[in-house]
Amino acid sequence: MKLYESGENYLEAILVLDRRGGPVRSVDVARFLGYSKPSVSRAMKTLREAGYIDMEAYGTIELTQKGRERAASVLERHRLITDYLVLSLGLDPEIAERDACRIEHVISPETFDQMKQRLHTLHLEKEKMYVD
């Protein structure tokens, strides 16, 4: 089953909420993303059927290994693209955040790798400025 942008957004949200600590429930995901509870419930059913999450009887959402790997990949792309847009292009962080949320779903692995390398170089150059 192909996971679309909205599915990746849900997985990313679950991972972020999980890292904050405490159980993750559909209501938490709805609040975090600004979506309705019925929309989140439908998405959780789809993600569960695809093997990305497990849902406990009392409503707690857990990422499966497959779900955690996919969510971590999306989150890495999101954070790196945001940083790249801010540091390399000088965009306002709020604009960079919004744009990264869309770009993270369509960027090719080749472009992402190049951005990652460029961002690494920018960080090294920044560190060198503080040493010199």
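Annotations
- Boolean, Ala71 is touching a Ser or Thr at 6+ places or on another chain (Cβ under 9 Å), crowded, with 17+ Cβ neighbours inside 10 Å and within 25 Å of Arg98 (Cβ to Cβ): no
- So Glu125, is it part of a helix (DSSP H, G or I) and modelled with pLDDT under 95: yes
- Single residue of region 81-132 satisfying the filter (touching a helix residue (DSSP H, G or I) at 6+ places or on another chain (Cβ under 8 Å) and polar (S, T, N, Q)) that is surrounded by the fewest Cβ atoms within 10 Å (Cβ to Cβ): Ser88
- Residues considered: Ile107, Ile14, Ile61. Of these, the only one that is hydrophobic (A, V, I, L, M, F, W, C), in a strand (DSSP E or B) and touching a residue at least 12 places away in the same chain (Cβ under 8 Å) is Ile61.
The values are calculated or read from the model by the stated rules, or taken from the named source; none is laboratory data. Please read all numbers here as calculations on a predicted model, not as lab measurements. Backbone-built Cβ (ideal geometry, glycine too); neighbour counts: all protein chains shown.
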